[in-house]
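The values are calculated or read from the model by the stated rules, or taken from the named source; none is laboratory data. Because the structure is predicted, anything quoted here is derived from the model rather than measured. When we count neighbours, we look across all protein chains shown, and the Cβ atoms used for this are built from the backbone with ideal geometry, even at glycine.
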Amino acid sequence: MPHASDSTEQRLAEIAIIAAVSAAIDVPLAPARIPIAGARVEIDGASDDRTVLVEAYARIGALRGGQPKKLATDAFKLAWAGQKLGSQRLIIAVAGEEAAAYLQRPGAWLTAAIRDANVEVMYVPLEAALQASLTDAQARQYR
């Protein structure tokens, strides 16, 4: 049995999310470590020419604890990296409807900031077996 904090399922779900975004926008995407301004930024999915940057968030269900902050951090990372690299398309892709709704709340400053930074929010439903595996992992992690 995996350790309660193991995130193998989340990593597999993030790979599936990036693959789905890649297919949807017809641009090959791959994980990338990108040096920018003396720092190194890890992006879940980037095009070879860095015109497209994607962060994947694999969480099904209600957001808990620091999860909203993680979404905000990912959006800020995309906005900063995209500005530095001259990227044309920035996407935060989420597997959960709740995460998508959180990032698109009317009247919320984060929603306005994401929109102003030209970061798209894309909901990517997972295949049923992967969604079940992810949900089981989340239940195990929050016992």
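Does region 29-46 contain at least one residue that is of a type in the set (A, V, I, L, M), free of Cβ contacts under 8 Å to residues at least 60 places away in the same chain, within 19 Å of P125 (Cα to Cα) and in contact with an Asp or Glu (Cβ under 9 Å, 6 or more places away or on another chain)? Looking for residues that are of a type in the set (A, V, I, L, M), free of Cβ contacts under 8 Å to residues at least 60 places away in the same chain, within 19 Å of P125 (Cα to Cα) and in contact with an Asp or Glu (Cβ under 9 Å, 6 or more places away or on another chain), one finds at least one in region 29-46, hence yes. The numbered conditions (1) over 19 Å from L134 (Cα atoms); (2) surrounded by fewer than 14 Cβ atoms within 10 Å (Cβ to Cβ); (3) among the charged types (D, E, K, R) are all true for D74 except (2). For E97, the stated conditions do not hold, so it cannot be described as crowded, with 17+ Cβ neighbours inside 10 Å and either at pLDDT 95 or above or not small (G, A, S) (or both). The residue of region 123-137 that is modelled with the highest pLDDT, among those that are crowded, with 17+ Cβ neighbours inside 10 Å and of a type outside the set (G, A, S), is V124. Residues that are without any contact (Cβ under 8 Å) to a residue 12 or more places away in the chain, among the charged types (D, E, K, R) and either more than 21 Å from A13 (Cβ to Cβ) or in contact with an Asp or Glu (Cβ under 6 Å, 6 or more places away or on another chain) (or both) are absent from region 56-75.
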